[in-house]
Amino acid sequence: MSDELDKALLRELMVNARAPLTEIARKLNVARTTLSERLEKLEESGVIKGYRLDLDPRKLGYKYTAFVLVKAKRGELKGVKPGQEALAEKIVEDCRSRRGLPWVEEVHIITGEYDLLLKLWAREWDELTNFLIRYMPSHADVTQTHTMLVLKTVYDDPRPYNL
């Protein structure tokens, strides 16, 4: 990132990515064309990966949030990708394509005792139950899981705090 103007532009876009550039330019006291050029450079360089909707899963009917830690057999999966990555992609693909499984919002390959960390949303208790006691044990590469249910989210803000 080049300078403070880029950071200010990104901060404004994090608050409202749909804000007109003319409005942001007025707020930052710079020319709209300058911001347009900066925005294009930030997109081309990959600093801005895309523009997404920020949905509230609960308003879409998802009642339950869970984090699932997964231990996988190491070196067992064959292929181009590491076993943990292939397993993570398979879980996401299955949850997207099969009814009765939760929505996987995030999957991370992690250090420590476990290999994967999943963030799941379930509309019904049965989706989570089915995922944990039927779907996950069906994977020969999964050796253990540990599930944590979210009781209450106190803070959730995906915006970087240090821009």
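Only one of LEU101, LEU149, LEU128, LEU118 is closer than 13 Å to VAL70 by Cβ, modelled with pLDDT of 95 or more and hydrophobic (A, V, I, L, M, F, W, C). Can you tell me which?
Of LEU101, LEU149, LEU128, LEU118, the one residue that is closer than 13 Å to VAL70 by Cβ, modelled with pLDDT of 95 or more and hydrophobic (A, V, I, L, M, F, W, C) is LEU118.
Can you tell me which residues in region 122-163 are of a type in the set (Asp, Glu), within 22 Å of the chain's Cα centre (by Cα) and surrounded by 11 or more Cβ atoms within 10 Å (Cβ to Cβ)?
Matches in region 122-163: GLU124, GLU127.
With the condition being in contact (Cβ under 8 Å) with a residue 60 or more places away in the chain, I'd like the strands (runs of 3 or more DSSP E) fully within region 89-163 carrying at least 2 qualifying residues.
116-122, 142-149
Quick grid of which residues meet (1) among the basic types (Lys, Arg); (2) touching a Lys or Arg at 6+ places or on another chain (Cβ under 6 Å):
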residue	(1), (2)
GLY83	no, no
LEU87	no, no
LYS90	yes, no
ARG96	yes, no
GLY100	no, no
GLU106	no, yes
THR111	no, no
LYS119	yes, no
THR129	no, no
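Exactly one of (1) at pLDDT below 95; (2) more than 30 Å from ALA17 (Cα to Cα) is unmet by ARG159. Its number?
Going through (1) at pLDDT below 95; (2) more than 30 Å from ALA17 (Cα to Cα) one by one, ARG159 breaks only (2).
What about GLY83, is it surrounded by 15 or more Cβ atoms within 10 Å (Cβ to Cβ) and either over 13 Å from ASP141 (Cβ atoms) or out of contact with any Phe, Trp or Tyr (no Cβ under 7 Å at 6 or more places or on another chain) (or both)? Give the derivation first.
Values: surrounded by 15 or more Cβ atoms within 10 Å (Cβ to Cβ): yes; either over 13 Å from ASP141 (Cβ atoms) or out of contact with any Phe, Trp or Tyr (no Cβ under 7 Å at 6 or more places or on another chain) (or both): yes.
Answer is yes for this residue.
Of all residues in region 9-41, which are within 18 Å of ASN162 (Cα to Cα), surrounded by 15 or more Cβ atoms within 10 Å (Cβ to Cβ) and without any contact (Cβ under 8 Å) to a residue 40 or more places away in the chain?
Passing the criteria: LEU9, GLU12, LEU13.
Which of (1) out of contact with any helix residue (DSSP H, G or I) (no Cβ under 8 Å at 6 or more places or on another chain); (2) more than 30 Å from HIS146 (Cα to Cα); (3) at pLDDT 95 or above is the odd one out, the single condition ARG11 does not satisfy?
(3)
The values are calculated or read from the model by the stated rules, or taken from the named source; none is laboratory data. Values in this document were obtained by computation on a predicted structure and should not be read as measured data. Please note: Cβ atoms are built from the backbone with ideal geometry, for glycine as well, and neighbour counts cover all protein chains shown.
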